[in-house]
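Here the structure comes first, spelled out in structure tokens, and everything after it is commentary.
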Amino acid sequence: MTATEARVYTPGEFKEFDAAGETFLYLVPAGAIFQLDETSRLVLDLVKQGMPHDQLVAALTEKGYSIGDAEEIVHELHMSRAIISADTKPEPVAEPPADFPLMTLVLNLTNQCNLSCQYCYEFGEDKVATPEGKPKFMDYETAKQSIDYLLASSGERETVHVTFFGGETLMNFPLLKQVVTYANETAAAQGRSIDFSLTTNATLLTPQIVEFLSENKIGVTVSMDGPPELHDKLRVFANGKGSYDIIAPRVRALIANHKTRPITCRVTLTNGVTDVVRIYRHLKDELGFHEIGFAPVTTSPDRLYAINEPGMHGVLKQFHILADEWLEYALRGEMHGFSNVSDTMAELYQGVNKSHPCGAGLGLVGVGPSGDIAPCHRFVDSDTHVLGHISTGMDKEKQQDFLGRGHINTKYDCHTCFARPLCAGGCHHEAYVRYGDTGHPNLHYCDWIREWTETCLKIYGTVSAKNPAFLEQFAERKAL
């Protein structure tokens, strides 16, 4: 008997789930989804009983397969790691190359804001920024250097992305206009292009600004937390007055007159602002946003606006309601608008297997008004987390330290979690606020993330079984 014939397999690392009457495996090390047919199910059951390779082949030949086909079936299951042998070595997620090309630059045009949102990660009690003594508004020279840096650091990418951010982005709208002109001209001279987006609280939108955004195909995400009584709990002006009545008519005008890109919304969930379904209905059906994404507030657990564990369970329950709707729409071939599902569908379809929670410090960096380079917009103006300066470039040692601590291979709590290809331990900024370490896994969300991931896996399986063509639109999608 050869070594191969005597080989004994064990089940690989996967999450098994049922959807649409079919059984699927989410193959964790690969971040891939595998539908079990009757034959694969048989092999897996026999492997669980400890049956060696030669007996597996014999069992398949008894089912009518040729020896060659039986060998191929077992081989394919082995190669996909649905079954593994004793000599199978673990495959740690690869380190990204040191010269990984930049994709996205988040340009913080100002660190000032005309609102005083109590939960703001930039100005609130949990802020990491140290803006004292630094410019409040970015100047044109710094912005030009930032665009030059993006183009020089993006390798052979034909299209790169600039996101305008703040503070409140539109407080420095004159600079935004200059940057768009300079960036387009500079990229075109290199035979390349730049895609633009911005995030805004919408208070400063005017017809002229909307016209400019539409003409230049600039994507817009509005920060808004629902109907008046929910939105105005924490999204207020310095005098305590709520901002909804200022924002709502401007949002309606933006949606009506921005003709070139769909308008999206990002909702921050806080204690007392967790009525997800009601918020979604208002923003989608009454205001007309194309898509809405929800995220719990980033905060220390003792803040009054922090969502406690029962509150997070309530949020998840309402997520499930919208997820069921999303599935109904998808089976009809229609997009729903709940981006928390859509973003996960894209990652599952693309076979994402993250080394890091996001592109921060890798394919994405933030630049503050002073020109300091940060891992992302949430760390802009923080002396503790600066990775370099736009005039001198990235400090590779600081970058590698940040990326090394944030890599999934260092997060031992995550090594047995089936959701790690999508989560990779969670947001660096959230980890720093909660645990004082950007590389610490966000353990307070683990059960929540696992349940939500399983929900999305079942949705994916159902759609792939009943309307697989619908998933093709997620091939190029990036998260909201």
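Bear in mind that the values in this text are calculations on the coordinates, not laboratory data. Nothing here was measured: the structure is a model prediction, and the numbers come from that model. Because the Cβ atoms are built from the backbone with ideal geometry, glycine has one as well, and the counts that use them run over all protein chains shown.
Residue 447 to residue 383: extension gain in nm, 0.36 nm per residue of separation minus the Cα-Cα distance?
19.7 nm
Apply 1/(1 + (r/R0)^6) to the Cβ-Cβ distance of residue 215 and residue 144, taking R0 = 22 Å, and write down the FRET efficiency to the nearest 0.05.
Details: r = 22 Å, r/R0 = 0.98.
According to the calculation, E is roughly 0.50.
Can you work out the Karplus-derived ³J(HN,Hα) for every residue in region 274-291? Use 6.51 cos²θ - 1.76 cosθ + 1.60 with θ = phi - 60°, whole Hz, and x for glycine or proline.
10, 7, 4, 5, 5, 4, 4, 4, 5, 5, 7, 7, 8, 8, x, 4, 6, 9
Measuring from a point 7 Å past the Cα of residue 190 along Cα-to-C-beta, which residues in region 97-113 have an amide N at less than 19 Å?
98-108
Taking the Cα centre of region 270-429 as origin and charging only Cβ (+1 Lys, Arg; -1 Asp, Glu), how large is the dipole, in debye to the nearest 20? Before the final figure, lay out the partial values.
Details: 13 positive and 19 negative charges, 54 e Å.
The dipole magnitude comes to about 260 debye.
Dipole of region 18-121, Cα-centred, from +1 at each Lys and Arg C-beta and -1 at each Asp and Glu C-beta, to the nearest 20 debye?
On the way: 5 positive and 15 negative charges, 102 e Å.
The dipole magnitude comes to about 480 debye.
For region 90-118 and region 407-422, what is the separation of their Cα centres, given in Å?
Value for the Cα centre distance between the two parts: 21 Å.
Non-local amide H neighbours of residue 83 (under 5 Å, H modeled in plane, Pro and chain starts lacking H): which ones?
12, 78
Assuming a ≥ b ≥ c are the square roots of the Cα gyration tensor eigenvalues, decide whether region 104-394 counts as rounded (a/c under 1.5), prolate (otherwise, with a/b larger than b/c) or oblate. Intermediate values should be presented prior to the final figure.
Working: a/c = 1.45, a/b = 1.30, b/c = 1.11.
Since a/c stays below 1.5, the shape of region 104-394 is classed as rounded.
Rank these for me by crowding, 229, 13, 62, going from fewest to most other beta carbons within 10 Å.
Details: 229 12, 13 17, 62 9.
Least to most surrounded, the residues fall as 62, 229, 13.
How much of the DSSP beta bridge set in region 94-236 is antiparallel, as a percent to the nearest 5? It would help to have the intermediate numbers written out before the result.
On the way: 1 of 16 bridges.
Rounded to the nearest five, the antiparallel share is 5 percent.
What's the ranking of 376-388, 329-341 by average number of surrounding C-beta atoms within 10 Å, highest first? Present the calculation step by step, with values, prior to reporting the outcome.
On the way: 376-388: 21.7, 329-341: 17.8.
Per-residue mean Cβ counts within 10 Å order the peptides as 376-388, 329-341.
Treat every Asp and Glu Cβ in the chain as -1 and every Lys and Arg Cβ as +1, leave all other atoms uncharged, and give the resulting dipole magnitude about the Cα centre to the nearest 20 debye.
Details: 42 positive and 62 negative charges, 241 e Å.
Value, rounded to 20: 1160 debye.
Over region 134-204, calculate the relative contact order: mean separation of alpha carbon pairs under 8 Å at least 6 apart, over the residue count, as a percent. It would help to have the intermediate numbers written out before the result.
Details: 61 pairs, mean separation 30.5, N = 71.
Over region 134-204, the number comes to 43 percent.
Can you give the extra length, in nm with one decimal, that the chain gains between residue 469 and residue 278 once fully stretched, where that is 0.36 nm per residue apart less the Cα-Cα distance?
Taking residue 469 through residue 278 to full extension adds about 65.7 nm, to one decimal.
Using only Cα atoms, find the angle between the long axis of helix 140-152 and the longest principal axis of the chain, and express it within 0 to 90 degrees, rounded to the nearest 10.
20 degrees
Once label points are set 7 Å from the Cα along Cα→Cβ at both residue 229 and residue 208, what is their separation, rounded to one decimal in nm?
Here the answer is 3.9 nm between the modelled labels.
By count of other Cβ within 10 Å, fewest leading, how are 209, 83 ordered? Write out the running numbers ahead of the final one.
Values: 209 19, 83 25.
So the ranking, lowest neighbour count to highest, is 209, 83.
So if R0 is 35 Å, what FRET efficiency would residue 350 and residue 49 give, r being the distance between their Cβ atoms, rounded to the nearest 0.05?
Numbers: r = 35 Å, r/R0 = 1.01.
Once rounded, the FRET efficiency stands at 0.50.
My understanding is that a pair violates if its Cα-Cα distance is over 23 Å; which of 317/458; 177/217; 15/466; 144/217; 136/259; 136/233 do that in this structure?
On the way: 317/458 16 Å; 177/217 13 Å; 15/466 21 Å; 144/217 20 Å; 136/259 32 Å; 136/233 27 Å.
Table pairs above 23 Å Cα-Cα are 136/259; 136/233.
Residue farthest toward the positive end of the dipole of the chain, with Cβ of Lys/Arg at +1 and Asp/Glu at -1: which of 77, 470, 23?
470
Give the calculated FRET efficiency between residue 400 and residue 309 to the nearest 0.05, with a Förster radius of 45 Å applied to their Cβ-Cβ distance. Working shown, then result.
Numbers: r = 36 Å, r/R0 = 0.80.
Once the sixth-power term is evaluated, E becomes 0.80.
Short version: ³J(HN,Hα) in whole Hz for each residue of region 209-214, in order, from phi by Karplus 6.51 cos²θ - 1.76 cosθ + 1.60 (θ = phi - 60°), x for Gly and Pro, what are they?
Working through the residues one at a time gives 5, 4, 4, 4, 4, 5 Hz.
In degrees, nearest 10, range 0 to 90: what is the angle between the Cα axis of helix 38-48 and the longest Cα principal axis of the chain?
Around 80 degrees separate the two axes.
Starting from 0.36 nm per residue, how many nanometres of slack lie between residue 132 and residue 302 once their C-alpha separation is accounted for? All intermediate terms of the calculation are to be shown ahead of the outcome.
Details: separation 170, 0.36 × 170 = 61.20 nm, distance 2.62 nm.
Taking residue 132 through residue 302 to full extension adds about 58.6 nm, to one decimal.
How large is Rg over Rh for region 3-85, taking Rg from the Cα atoms and Rh as the Kirkwood inverse mean of 1/r across Cα pairs? Walk me through the numbers on the way to the answer.
Numbers: Rg = 12.3 Å, Rh = 12.8 Å.
Result for region 3-85 is an Rg/Rh of 0.96.
If you restrict to DSSP beta bridges whose two residues both lie in region 104-394, what percentage is antiparallel, to the nearest 5? Show your work: numbers first, answer last.
Numbers: 9 of 40 bridges.
Percentage antiparallel, nearest 5: 20.
Let me have the relative contact order for the chain, percent, based on Cα pairs under 8 Å that are six or more residues apart.
On the way: 849 pairs, mean separation 80.2, N = 480.
Averaging sequence separation for qualifying contacts and normalising by length gives 17 percent for the chain.
From the residues 419, 432, 390, which one has its Cα farthest along the dipole of region 383-480 in the positive direction, the dipole being from +1 and -1 charges on Cβ of Lys/Arg and Asp/Glu about the Cα centre?
Of 419, 432, 390, it is 419.
Which order results if 454, 168 are arranged by neighbouring Cβ count within 10 Å, fewest first?
Details: 454 15, 168 22.
Taking fewest neighbouring Cβ atoms as first place, the list is 454, 168.
Compute the angle between helix 67-79 and the longest alpha-carbon principal axis of the chain, please, reported from 0 to 90 degrees and rounded to the nearest 10.
30 degrees
Show me the trypsin sites (Lys or Arg not before Pro) within region 1-110 that DSSP assigns to loop and that have at most 13 other Cβ atoms within 10 Å of their Cβ. Write down the numbers at each step before the final one.
On the way: sites: 7, 15, 41, 48, 63, 81; in loops: 7, 63, 81.
Passing both the DSSP loop test and the Cβ count: 63.
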